[in-house]
Every structure is written in C-alpha cells, then in structure tokens.
1. Residue by residue through the stretch 125-156, note down the ones that are open to solvent by less than 20 Å² (accessible area, probe 1.4 Å), within 11 Å of ligand 1 (Cβ to nearest atom) and part of a helix (DSSP H, G or I).
2. How do the pairs read when you match residues in the stretch 429-445 that are assigned by TED's automatic domain parsing to the domain that holds I456 with residues anywhere that are assigned to a helix (DSSP H, G or I) and small (G, A, S), using Cβ under 8 Å and keeping only pairs 6 or more apart or on different chains?
3. Of all the residues that make up the stretch 40-82, how many are more than 16 Å from V6 (Cβ to Cβ) and in contact with a Phe, Trp or Tyr (Cβ under 7 Å, 6 or more places away or on another chain)?
4. Does the stretch 92-109 hold any residues that are open to solvent by 10 Å² or more (accessible area, probe 1.4 Å) and part of a strand (DSSP E or B), and which are they?
5. Can you pull out every residue in the stretch 351-366 that is open to solvent by 10 Å² or more (accessible area, probe 1.4 Å) and away from ligand 2 (no atom under 16 Å from the Cβ)?
6. Taking the stretch 415-432 only, how many residues are of a type in the set (D, E, K, R) and open to solvent by 80 Å² or more (accessible area, probe 1.4 Å)?
7. Among the numbered criteria (1) under 23 Å from G167 (Cβ atoms); (2) among the polar types (S, T, N, Q); (3) touching a residue at least 40 places away in the same chain (Cβ under 8 Å), which single criterion is violated by S338?
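The values are calculated or read from the model by the stated rules, or taken from the named source; none is laboratory data. Everything numeric here is computed off the predicted structure, so don't read it as measured data. Every residue, glycine as well, gets a Cβ built from its backbone with ideal geometry; the counts of neighbours run over all protein chains shown. These area figures cover heavy atoms from the full protein model, side chains too; ligands, DNA and RNA do not enter into them. Shrake-Rupley method; radii C 1.70, N 1.55, O 1.52, S 1.80 Å.
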Amino acid sequence: MTRILVVDDEQSMRDFLQILLHKEGYAVDTANNTDAALKKLKNSGFDLVISDIRMPGTSGLEMLGMVKELYADLPVIMITAFASPDDAVSAMKNGAFDYISKPFNVDEIKSVIESATSQKSEPQSREQLADSFPGIIGKSREMLKIFDLISRIAPTPANVLIYGESGTGKELVAKAIHLNSKVDADHFVPITCSAIPEELMESELFGHVKGSFTGAIGDKAGLFMEADSGTAFLDEIGELTPIIQTKLLRVLQEREIKPVGSTIIKPINVRIIAATNRILEDEIVAGRFREDLFYRLAVVPIRVPPLRERKGDVPLLVDYFLQKYSRLLGKEVQKISSYALQVLMNYDYPGNVRELENIIERGVALASTNIILPESLSLAGGLRENKQRISGEPLFHAVENEQELFDTGLDKVMARLEKRIIRHALEKTNNSKMKAADLLQVSFRSLRYKITKYGIN
Ligand SMILES: Nc1ncnc2c1ncn2[C@@H]1O[C@H](COP(=O)(O)OP(=O)(O)OP(=O)(O)O)[C@@H](O)[C@H]1O
Ligand SMILES: [Mg+2]
C-alpha cells in the first residue's frame, strides 16, 4: 500500500487531504510542522510527501531541501497558494516532484499523486536526470521520460525518429542524443529536408562529382559523407519526396552511397536522427511516406509532447527564458507577476515552447518595471481572452510586492492605479467620458482633467 505523509499547519487541510487520499486507497499519516514531519519520515517508509509551502517555523521549502538531502528519491509535492508563482518556481527548482495550488482541483491532485508514486523505482533520481541535460528545461513526468530514454539510447547506434508538434524542442532532443552518444561533439551534420529543392536533394544527401549536372562545378561530398562515423540530422523528414525516400531507403539498407554522376560506391557508417512534425503513420496510410523507410528510421521513436500536456514545466521555462532575455536584452526583468503567470498557465500554446519563448522575449522587451505584468504579455487571440478572464484583479493591482512599492513611491503608484481605473471605465463605456465619469462618480471636468494629465486617449 502506498504511504503518504501530509504536512500542513492547518487542521482542516490535513483532514481534507487525509479523507480524500484515504478514499483513493492510500495510507495517510499527517504532521503539522516540519519537525514532526522529519521525525515521522525517519522511522517509516513513506512513498510520498505532500506539504504546504507556507508554514510557521521552518517553511515547507526548507523542509523540502532537508527531505531531498536525506531521502533523494522520495517524491515531494508542494502545495502553493493560488497567486504565488515564485513559490511554484522555487518548489520546482528545489526538487519538488510537482506542485498543486489552492484551491484544489481534486482530479489534478489525484493525477499528480499517481505520477509521483508510479515513478518510485527509477534508476536515477529525477534531479540527476534533469540536470544531465542542461539546455533542455523540464521536470515534468513527460520530459523525464524523454531524458531517461535519451540517456539509454544515445550511446547506441540505433536510428532515432523524433516527432511532435512544431516548437516542442525536437531539435534540442536531437542534439542531446548526439552529445550523449559516443561520437565527438563536432560531428553532427544537420539538413532541413524541406528547405532543399527536389532536384538538389540527391546531391545534397549523397554528393556529386564535377560535371555531373549543370552547376556541378566541383565534387561535393554530401551529407552522408560529411557525417560519416558521426550523426546526420534529417530535419522535417516528412517532406521528402517519394523518389528521395526510395534512394534514402537503399542507402540505409546497403550502408553505402553512390554520389550523383559517380560509378564508385562508398561505404558509410552514419547514425541517423530524423525529426518531423507530421504523424508519419498517417502519412504512410495516405501513401505519402514509405513504410519500410519509416521502420528503418524509427528504430527508436521519441514523441516530444506538446507543452499543453506538461504545463508543470511552464514556470520553469518562464524562469529560464526570463533570465535568458534579461541578459540578452540588457534588462533587469527577473520576475513575473502572479497574474501574468496564471495567464500563461491557462494557455494552450499551439506554438509550444517556441511560442512561450517568444512571449517572454516580448514581455521582457516591453516591461517598464522589473517585473512582467499581464499587460506586457502581447499575445495571440486565445491568450488575450484568457488574460481578460483571469486578470479581473490587476485593475486595482499596481505593484507586485513591497520592493516595487518602495522603488516606485506612493505618488507614482497612485497615478498608475488611477490611470488604469480610468482606462477601464472608458473601455466599458466605449470611450464616453460622460458615462465614465458617471460610473466613477466624479465630475466630467475632473475626469477630463485626469485624462489629459495622464495622456489617456
Ligand atoms: N525544453 C526546452 N527547454 C528550453 N528551451 C526549449 C525547450 N523546448 C524548446 N525550446 C526552445 O524552443 C525553440 C523551439 O525548439 P526546437 O527548434 O527544438 O523545436 P522543434 O520541435 O524542432 O520545432 P519545429 O518542428 O518547428 O522545427 C528553440 O528556441 C528551443 O531552444
Ligand atoms: Mg525543428
């Protein structure tokens, strides 16, 4: 039976979780502070800890650190308050398995617990695993599965097919496989199949000899020769034409190439990593992709899941991109407001990680304070609706924290608030100053004066 320790200073919360988890068939014990929790952990084999992050005395975060030090493999789920993205980020950074935020969504709790407890017998701890791929951010269960797969298959010569929606990080995965292989790091030769016209494709892949066609002014080695005894990365493989597919299949079967216009056959030894944002099985059914080629390429298939299936990674990615773009753009924007993060958590990302990266880059560029507010998120249609749905509050929310308040000062903060409120009233009334003044219960003259003063149009 799976044993769970619930740590929370609030009795009602402990009771709630205990009853809920008990109903789900778990054995549950509780502790009301960090010391009590550590004592209980010492004596018995728990499989999971669920802990509030904010507790008097030693905080949940500190406890997390201690637990991870003592029992590296014990998963800990942190409970954060609704509007505290910093907590979520710190929790994930400090090794939490995941976090759940209040108010609770029961299905979410169940699924997080399920993934935490089904992961017990991992050979490597999650931390170690995630840390061995520094350029790829993610600690969600889905990403850890990928990391695990990469570390197991990278040293083998097996061909790999990476598939997933655009912007999910397929190229990063391809490079990670190469870097963890036995081949030296420089020996990675990429080609984007869709970028090359069909007439040139054969020569790009297999090379040509001087004079073999108009424009062949010298010998060309081609991708496979260049990548010999290394890795060839065939990006957007789904775009290959049938003729090239057939030629590629032959090369993979025979392990040798014949450059265009040459009679000499050369043996090659290349590991192929291919990527596509198409579902090749569907392409096969539709007669657009050769099934035999598919099996040659997809000895190990890796699906990179869309970002909406691993939302737990959003805070980590946001943090990572904030650091990156603050540095690149020479700004000091290191934080995101709770509401802005809520907006981002509630978005579906049709463009996946690339879209999130662009949003943060723009956010950093547009931010006028050292924090990203919902209004700095200039977003696609769907996200804009989300923003309005979720950010009912920021209208009266002019600073994010004490630091910003003191940095900005009372006058400026009040002005900022006033401006926002007036804007809001004008939007509501379709820019009727009369009606807006009415709504705000001020005189028309006073409103007009403020509109001019703040340069609102
Ligand atoms: N897990 C991640 N951590 C950090 N950055 C990421 C991650 N996933 C994607 N990115 C970034 O998002 C962008 C898109 O990633 P990448 O080019 O690997 O996607 P892709 O799946 O190859 O997309 P496409 O199908 O459009 O070629 C890149 O800038 C990449 O650095
Ligand atoms: Mg790509």
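1. A130, M143, I146, F147
2. From the stretch 429-445, the pairs are T429/A436; A436/A425; A437/S446; L439/A425; L440/A425; S443/A437; F444/A437.
3. 0
4. Answer for the stretch 92-109, where residues must be open to solvent by 10 Å² or more (accessible area, probe 1.4 Å) and part of a strand (DSSP E or B): D98, Y99, S101.
5. Let us first name the residues in the stretch 351-366 that are open to solvent by 10 Å² or more (accessible area, probe 1.4 Å), namely 351, 353-355, 357-358, 361-362, 365-366.
If the condition is that a residue be open to solvent by 10 Å² or more (accessible area, probe 1.4 Å) and away from ligand 2 (no atom under 16 Å from the Cβ), then E361, R362, A365, L366 are the ones that fit.
6. In the first step, residues of the stretch 415-432 are kept if they are of a type in the set (D, E, K, R); the result is 416, 418-420, 423, 427-428.
In the following step, the residues that additionally are open to solvent by 80 Å² or more (accessible area, probe 1.4 Å) were identified as 423, 427-428.
Total meeting the criteria: 3.
7. The one condition S338 does not meet is (1).
Let's see how each residue does on (1) under 15 Å from Y71 (Cβ atoms); (2) β-branched (V, I, T):
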residue: D8; (1), (2): no, no
residue: S12; (1), (2): no, no
residue: I19; (1), (2): no, yes
residue: Y26; (1), (2): no, no
residue: N33; (1), (2): no, no
residue: K42; (1), (2): yes, no
